[in-house]
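Read the figures in this text as sums done on the coordinates, not as results from a lab. Keep in mind the model is a prediction, meaning the values are calculated, not measured. Here the Cβ positions follow ideal geometry from the backbone for every residue, glycine too, while neighbour counts run over all protein chains shown.
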Amino acid sequence: MDIVVKGRKTEVPERFRKHVAEKLNLEKIQKLDGKVMSLDVEVSKEHNPRQADRKDRVEITLRSRGPVIRAEASAADPYAALDLAAEKLSARLRKEHDKRYTRRGVGRVPAAEVASHVPDAATLDANGAVVPSYEETEAVPTKRIGSLEVQGEGPLVVREKNHVAAPMSLDQALYEMELVGHDFYLFVDSETKEPSVVYRRHAYDYGVIHLRTDPMVVNGEPSPDAGGTLGG
């Protein structure tokens, strides 16, 4: 696999190309992700004098059989920007590697030994179905927590956060999602002023969900103002 270095509206010197090959150690990258198919490095330059300290931007895109991993950074020169982007790429590769390693089942407890390792674990019958406990066969008390109706004691985790977010375009939301390395990103669409979500689909595609309110429906019921006029 080769590293493809290209410039967007700027020339890329041969010296910088060699530095990219030295900085992005393919052997190390392939140890973290053995299914890498391509590694692209794009260099661009900001000509706005007000952004002199961030005029050089480097974006690294790694494509493999899994999700696309991007890392980018801006600095006063392309070498510093490359160093920052390479650090971000390395951190995200290690994160993905750790996810795969965890999912392989390291330390997994055999089904026959679950009861001895996990307190109050469910019991399975010969067909693999859950055997209800004595408590489950009794009447289960119901209570309300906020707008939720909960049976029994849980488990229930309620977590609520409020964030102040400036409206942004769809392109900016995709950029922010790749920047934080998540599979989805919640934002306020600058055109519709409605909450929306961009998310990663299969291969290299993305999806977007727009949430729009219906003024004719209030709390799941037709609004009393939604009816027609009364005839005489």
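The table that follows gives values for the structure above.
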read-out	value
Highest to lowest packing among 188-195, 58-65, scored as the average C-beta count within 10 Å	58-65, 188-195
Cross-link table K31/K88; K55/K161; K9/K35; K55/K193; K35/K99; K6/K95, entries beyond 25 Å C-alpha to C-alpha	K55/K161; K9/K35; K55/K193; K6/K95
Using θ = phi - 60° and Karplus 6.51 cos²θ - 1.76 cosθ + 1.60, couplings along segment 71-85 (whole Hz; Gly, Pro as x)	9, 9, 7, 10, 7, 6, 9, x, 5, 5, 5, 5, 4, 5, 5
Segment 159-201: projected area of the alpha-carbon convex hull, averaged over directions, in nm²	3.5 nm²
Full-extension gain in nm, Q51 to V188, via 0.36 nm per residue minus C-alpha separation	46.7 nm
